[in-house]
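Chemist: The structure that follows is given in the form of C-alpha cells.
The values are calculated or read from the model by the stated rules, or taken from the named source; none is laboratory data. Keep in mind that what you see is a predicted model, and the values were worked out from it rather than measured. Positions of Cβ are generated from backbone atoms using ideal geometry, with glycine treated the same way; all protein chains shown enter the neighbour counts. SASA here: full protein model, heavy atoms, side chains in, ligands and nucleic acids out. Shrake-Rupley method; radii C 1.70, N 1.55, O 1.52, S 1.80 Å.
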Amino acid sequence: MPRKPGPGLCVHCVRKVAERNWDHVFPQSWYPDTTPDNLEKWKIPSCKKCNGEYGRLEEELGTLLSACIDPTKAQASGIWEKTLRSLDPSQGKDEKDKRIRAKRKERLLSQILEGDQIPSEGVYPGLGERWGRPRREQHALLVPAKYLERIAEKVVRGLAYIQDGQLLGEDVEIEHLVVAEEEAERIEAVLAEYGSTLHRGPGVEVHRAVTPDDGVSSFSKITIWGQFVMYVSVIKHPSN
Ligand SMILES: [Zn+2]
C-alpha cells in the first residue's frame, strides 16, 4: 500500500480531491489488544476534511461506547483500559496533552446518568444492563444517534470499496437500523443463507450480503467487540 493514495475520489463524500489520506474503516484504537500484530487493517482513501471529521467523531463515540461494553470479553480486551488512559491527565506527554485528557475526563463524567435519570426506552439492543443490578446502582450514557448513523455509513462505504471496488454515490441510500434482539432472527437467517463473513481479528466481524440484482444494494451486520451490533442497509435506487 503506497504511503498516500494520491489524488482521486474520497470514499466518504465521493468528491474529487488533489490530496487524500488512508483512513481506517474501523478506528485503529478500536481494535482490541487480542488483534494479531500482522493483521492488515482495512483502509480507504479519504479527503482531509472527511478524515478529520471522522477522527473527532470516532474519538468521542469510542469513549462513550467503550464505557458501555462488557470489558471482560476477549473481543474487547484492552479497549476500556485504552479509554481510561486517554482520560488520565498524568499520562499526558506535555502540558497541552494533560489538559486535553483532563477535559475529556470532565466531559465524560458530566455525561453519566444514574438511577432514575436513566431513560427506560431507547436502550441500544445488547448494551442495556447485563449484570442484574438494581436501577439505583446502574449508570448510563446517552449516545447521539447521529454518531452511530455516521459510523455505520463509514463501514458500509468502506466495505463496498474494499470488497467490490465501488463508491456509493447519490443514488444510494444508507440506513442504520436499530434491531431488537428478538427481531434479529429473520435477518440472521437471510445473512446466513446469502451472506459472507469477514473478520478483522477477534474485535471486528461483518456479515454482509449483496443483492445480485444490482450488485450494490446490500445488508450488513457489523459486530464490534463481540457485543456492539449495527445493522446497515444500502439501497440503490433504480436509474431512469
Ligand atoms: Zn471526503
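Chemist: Under a point-charge model restricted to the Cβ atoms of Lys and Arg (+1) and Asp and Glu (-1), what is the dipole moment magnitude of the chain relative to its Cα centre, in debye to the nearest 20? Each step should come with its number before you reach the end.
Modeler: Details: 35 positive and 37 negative charges, 268 e Å.
Roughly 1280 debye, rounded to the nearest 20.
Chemist: While we're on this one: Keeping all protein chains in place and using 1.4 angstrom, which order do ILE174, ILE79 fall into by accessible surface area, from largest down?
Modeler: Values: ILE174 40, ILE79 5 Å².
Listed by decreasing accessible area, they come as ILE174, ILE79.
Chemist: Can I ask one more? How big is the charge dipole of the range 147-236 about its Cα centre, in debye rounded to the nearest 20, if each Lys and Arg gets +1 on its Cβ and each Asp and Glu gets -1 on its Cβ? Spell out each step's value before the answer.
Modeler: Details: 8 positive and 16 negative charges, 92 e Å.
Computed about the Cα centre, the dipole is about 440 debye.
Chemist: Accessible area per residue for the range 147-236 in Å², computed with a 1.4 Å probe and the full protein assembly in place, what is it?
Modeler: On the way: 4280 Å² over 90 residues.
In whole numbers, the range 147-236 has 48 Å² accessible per residue.
Chemist: Within the range 27-96, which trypsin sites (Lys or Arg not before Pro) sit in a loop by DSSP and count at most 16 neighbouring Cβ atoms inside 10 Å?
Modeler: Details: sites: LYS41, LYS43, LYS48, LYS49, ARG56, LYS73, LYS82, ARG85, LYS93, LYS96; in loops: LYS41, LYS73, LYS93.
Hits after loop and neighbour filter: LYS41, LYS73, LYS93.
Chemist: Longest span of the chain, sites excluded, free of GluC sites (Glu not before Pro) in DSSP loop with at most 13 other C-beta atoms within 10 Å?
Modeler: Details: sites that count: GLU19, GLU40, GLU121, GLU170.
Counting at most 13 other Cβ atoms within 10 Å as exposed, the longest clean stretch of the chain is 41-120.
Chemist: Using a simple spin-label model with points 7 Å from Cα along the Cα→Cβ vector, what separation in nm is obtained for ASP37 and TYR124?
Modeler: 3.2 nm
Chemist: What's the whole-number percent of alpha carbon pairs in the range 104-158 lying beyond 16 angstrom? Spell out each step's value before the answer.
Modeler: Working: 815 of 1485 pairs.
That tail contains 55 percent of the Cα-Cα pairs.
Chemist: Next question, about the same structure. Report, to the nearest whole %, how much of the accessible area of the range 8-140 belongs to carbon and sulfur atoms, 1.4 Å probe, protein only.
Modeler: Reported share for carbon and sulfur atoms: 49 percent.
Chemist: Once Rh for the range 81-229 is found with the Kirkwood sum over Cα pairs, what is the Stokes-Einstein diffusion coefficient at 4 °C and 1.567 mPa s, in µm²/s?
Modeler: Details: Rh = 18.4 Å.
The calculation lands on 70 µm²/s.
Chemist: In Å and on Cα atoms, what radius of gyration and Dmax does the range 15-80 show?
Modeler: Radius of gyration, then largest Cα-Cα span, for the range 15-80: 13.9, 44 Å.
Chemist: So what are the ³J(HN,Hα) numbers for the range 58-71, from phi and the Karplus equation (6.51, -1.76, 1.60; θ = phi - 60°), rounded to whole Hz, Gly and Pro as x?
Modeler: Each residue's phi maps through the Karplus curve to give 5, 5, 5, 5, x, 5, 5, 5, 5, 7, 9, 8, 8, x Hz.
Chemist: Separate question: Looking at the calculated P(r) for the range 8-140, what percent of the C-alpha pair distances fall above 17 Å? All intermediate terms of the calculation are to be shown ahead of the outcome.
Modeler: Details: 6092 of 8778 pairs.
Looking at the range 8-140, the distances longer than 17 Å represent 69 percent of pairs.
Chemist: Using alpha-carbon positions, what is the distance between the centroids of the range 177-224 and the range 1-76, in Å?
Modeler: Here the answer is 20 Å between Cα centres.
Chemist: Assuming a viscosity of 0.692 mPa s and a temperature of 37 °C, what translational diffusion coefficient in µm² per second does Stokes-Einstein assign to the range 147-236, Rh being the Kirkwood radius over Cα pairs? Spell out each step's value before the answer.
Modeler: Values: Rh = 13.2 Å.
In µm²/s, the coefficient rounds to 248.
Chemist: In debye, nearest 20: dipole of the range 46-155 around its Cα centre with unit charges on the Cβ of K, R (+) and D, E (-)?
Modeler: On the way: 22 positive and 18 negative charges, 83 e Å.
About 400 debye.
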